[in-house]
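Accompanying notes for the structure given below.
The values are calculated or read from the model by the stated rules, or taken from the named source; none is laboratory data. Every value quoted in this text rests on a predicted model; they were computed, and no experiment measured them. Every residue, glycine as well, gets a Cβ built from its backbone with ideal geometry; the counts of neighbours run over all protein chains shown. Calculation scope for accessible area: heavy atoms of the full protein, side chains included, ligands and nucleic acids excluded. Shrake-Rupley method; radii C 1.70, N 1.55, O 1.52, S 1.80 Å.
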Amino acid sequence: MKKLIITGCNGQLGRAINQYYAGNTEYELVNTDVAELDITNVNAVTGFVAEVKPYAIINCAAHTAVDACEVQGDSAYRINAIGPRNLSIAATKNNAKMIHISTDYVFPGNGTVPYTEFDQVGPNSMYGKTKLAGEEFVRAFASEYFILRTAWLYGDGKNFVKTMLALSEKNDTIRVVNDQLGTPTSAKELAKAIGYLLPTDNFGTFHATCEGSCSWADFAQKIFQLAGKKTIVNGISTAEYNAPAARPAYSILDNYMLRLTSDYKFAEWEDAIEDYMKTL
C-alpha cells in the first residue's frame with residue numbers, strides 16, 4: 001500500500017481526509033499531529049519521512065488563529081513557513097509528492113472579481129504573510145507539489161457553523177459581518193479534491209473552494225435556515241467587528257487552474273453546507 005503522511009491529522013481537514021480514505025485499499029494513512037511530529041524541526045521531519053517512505057505528504061498543519069498570529073509572529077512563521085519547508089525538503093529526498101494547504105489570505109482582499117492563481121498576491125496580515133512564505137518554500141524545495149488555496153473552511157471540529165448554532169441557542173438576534181465576501185468550503189469537498197489530484201502529475205498551485213460566494217452574514221442566515229432556527233442576523237461592518245488582524249474584504253477565489261487543466265468541479269457552497277448540516 002502507498003503510505004500518505006498526514007500532518008495536522010486532528011484538524012478539520014485532517015479528519016475529512018481520514019474519512020475520505022476510510023476503507024481504501026490503495027493507501028495507508030500515517031497520521032501525525034504535534035505530539036507525533038514537530039514539523040518545525042527539520043531533523044525530526046527528515047528522519048520521520050525517511051523511515052515511513054511515503055508516496056505523498058499532505059500538510060494540513062497550520063497556525064490558523066488569525067488574530068493570535070499578529071502577536072505570535074515567530075510561532076506563525078515556524079508552523080506556517082518553516083514547517084512546509086521542512087516537509088518539502090523531506091518529500092524531495094524521498095521522492096514523495098507534497099500537498100500543501102494554503103489560504104485566500106495570501107491576497108490583499110481588495111478585489112472586485114474572483115482571484116485566479118495568476119493574480120498578484122499581497123497579504124495584509126501576519127497569518128497571510130506566513131502562509132505565503134510557506135507556499136514559496138514549497139515551490140523552492142518540493143520537486144512534485146500541489147498547493148491548494150482554500151477559504152472559509154468548516155468540517156469536524158471548531159468552526160463558524162458550530163459557533164453560529166451555539167450563539168443561536170442563547171440569542172434571538174446576532175451580529176455578523178456583512179461586508180466580507182468569500183466562499184464557505186466544506187472540508188469534505190476539499191478532501192475529495194485532494195483525492196482527485198493526488199494520483200496525477202497535474203502539479204502546481206490551485207484554488208480549491210466550493211462554487212459561488214456570500215457574506216458571513218449570508219452564511220449565518222443559511223445555517224439558521226437549514227437548522228430551522230428563528231435567530232435574526234443583523235449585518236455589521238468589519239470596522240464595527242474591530243478584530244486585531246486585517247480581514248480580506250473580498251476573498252472569492254476562482255478555481256481557474258482546475259478548470260483549465262481538468263474536468264474537476266467543486267460542489268456549490270449551498271449544497272455542501274446542506275450536506276454538512278445533515279451530519280450534525
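Per-structure values
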{"item": "Percent RCO, i.e. relative contact order, over the chain, from Cα pairs under 8 Å lying at least 6 residues apart", "result": "20 percent"}
{"item": "Nearest-ten-degree value, helix 42-52 long axis tilted from longest Cα axis of the chain", "result": "70 degrees"}
{"item": "Of all DSSP beta bridges in the chain, antiparallel share, percent nearest 5", "result": "5 percent"}
{"item": "GNM top mover of N171, N202, N86 - the chain, alpha-carbon springs below 10 Å", "result": "N171"}
{"item": "Helix axis angle, 216-227 relative to the chain longest principal axis, alpha carbon, degrees", "result": "80 degrees"}
{"item": "Choice from T200, T231, T185 showing the highest fluctuation, given a GNM over the chain with Cα pairs closer than 10 Å", "result": "T200"}
{"item": "Coordinate range along principal axes, alpha carbons of the range 209-280, Å, largest first", "result": "41, 32, 16"}
{"item": "Aspartates and glutamates whose Cα lies under 18 Å from that of K97, excluding same-chain neighbours fewer than 8 positions away", "result": "E26, E28, E51, E135, E136, E144, D201"}
{"item": "Fraction of accessible area attributable to carbon and sulfur, the chain (%, probe 1.4 Å)", "result": "49 percent"}
{"item": "Rg/Rh ratio calculated on Cα atoms of the chain (Kirkwood radius)", "result": "0.96"}
{"item": "Entries of K2/K222; K131/K192; K170/K192; K3/K192; K222/K265 with Cα pairs more than 28 Å apart", "result": "K2/K222; K170/K192"}
{"item": "Calculated over the range 25-69: convex hull of Cα atoms, volume per residue (Å³)", "result": "96 Å³"}
{"item": "Nearest-ten-degree value, helix 187-197 long axis tilted from longest Cα axis of the chain", "result": "40 degrees"}
{"item": "Percentage, to the nearest whole number, of Cα pairs in the range 155-270 over 17 Å apart", "result": "62 percent"}
{"item": "The range 37-142 - Rg (one decimal) and Dmax (whole number), Cα, Å", "result": "14.4, 47"}
{"item": "Percent of Cα pairs exceeding the 17 Å cut-off, where the set is the range 168-211", "result": "55 percent"}
{"item": "Rounded to whole Hz, the Karplus (6.51, -1.76, 1.60) HN-Hα couplings of the range 75-84, x for glycine and proline", "result": "5, 4, 5, 4, 7, 8, 10, 5, x, x"}
{"item": "Charge tally in the Cβ shell below 10 Å around Y115, where Lys, Arg are +1 and Asp, Glu are -1, Y115 excluded", "result": "-3"}
{"item": "Column: log10 I(q)/I(0), Debye, Cα scatterers of the range 1-43, q = 0.15, 0.29, 0.30 Å⁻¹", "result": "-0.38, -1.02, -1.05"}
{"item": "Percent of alpha-carbon pairs separated by more than 16 Å within the range 126-194", "result": "66 percent"}
{"item": "The range 138-265 - percent relative contact order, Cα under 8 Å, separation 6 or more", "result": "35 percent"}
{"item": "The range 152-214, relative contact order [Cα under 8 Å, separation at least 6], %", "result": "41 percent"}
{"item": "Residue among D119, D156, D179 with the largest mean-square fluctuation in a Gaussian network model of the chain, springs linking Cα atoms under 10 Å", "result": "D119"}
{"item": "Surface/4 of the Cα convex hull for the range 88-227, nm²", "result": "9.8 nm²"}
{"item": "Backbone HN-Hα couplings from phi across the range 53-63 [Karplus 6.51/-1.76/1.60, Hz, Gly and Pro as x]", "result": "6, x, 6, 7, 10, 10, 8, 9, 6, 6, 8"}
{"item": "Under Karplus coefficients 6.51, -1.76 and 1.60, residue-wise ³J(HN,Hα) of the range 246-253 in Hz, glycine/proline x", "result": "5, 9, x, 6, 10, 10, 6, 9"}
